[in-house]
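Bear in mind these aren't lab numbers, they're just calculated from the coordinates by the rules spelled out. None of these values were measured; they are calculated from a predicted model. When we count neighbours, we look across all protein chains shown, and the Cβ atoms used for this are built from the backbone with ideal geometry, even at glycine.
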Amino acid sequence: MKEYDLVILGGGSAAFAAALRATELGAVVAVCEERVIGGTCLNRGCIPSKSLLRAAELFYYSQSQPFKGIEIPRGKVDFAKVIDEKDALVKELRQEKYLNVLEYNKNIHYYAGSASFLSRDEVQAGDNILKGRKFLIATGASPQAVPFKGIERVEYLNSTTALDLRELPASMIVLGGRFVAVEMAQIFSRFGTKVTILQRNPRLIPEEEEEISDGLRRYGRRGQGVQRREDTYGDRHSAEYQKP
């Protein structure tokens, strides 16, 4: 059995921020992660999505820029290569921000594998039993498919698997109209996919101020990246996005 001042379940940004601060205060820390080190932001969220947003923006404006006096040769998308470049960026940052930290900070000990509590002061991580004075649960979140009739009969993507597609789909339906949904819609729309958002709320990103939703609508109607066409079917609203 190995003993630590702090045992953290999870290996993402929150876990490592806590681990670093704890070691600054003199603690010896164990970090347990069942998936890839780096958590959601690095591996499945902020970094890969922003990389693809930037690539999609460059491609879109190469053929849709507003200056009539400028002609840019129409390019094409090697989507698999774009995904490879996104993966390479994630790998580089994983090494820089996480693996290098483990190499240089000898008071943080990393355990790969799922961890579960055995008692109030013990967890099992793989074949190791870890005893801790304190514990921090920083396991983050996972995409969840809303259960509705028929979903079990189809293959569907979520915000994680969509970022790993190797081929650009001709069309895509996005269920939901909050920030992750709109982000996904913009990425694929700007690469050339015909995207339809199905949203129960009459506003995009309804948890934000109404001016933000109105701004997104005006942005689309001006043809800056996407166009929006809204229809209402009972309590369900759909907004179709495609390149102007």
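At-a-glance table
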| item | result |
| --- | --- |
| Neighbour count of at most 13 Cβ within 10 Å plus DSSP loop: longest chymotrypsin sites (Phe, Trp or Tyr not before Pro)-free window in the chain | 157-244 |
| For the chain, share of DSSP beta bridges that run antiparallel, in % to the nearest 5 | 50 percent |
| Segment 13-84: GluC sites (Glu not before Pro) in DSSP loop, at most 14 other beta carbons within 10 Å | E71 |
| Unsatisfied cross-links (Cα-Cα over 21 Å) in the set K2/K134; K50/K106; K97/K134 | K50/K106; K97/K134 |
| Euclidean distance of C-alpha centroids, segment 121-145 and segment 1-68, integer Å | 18 Å |
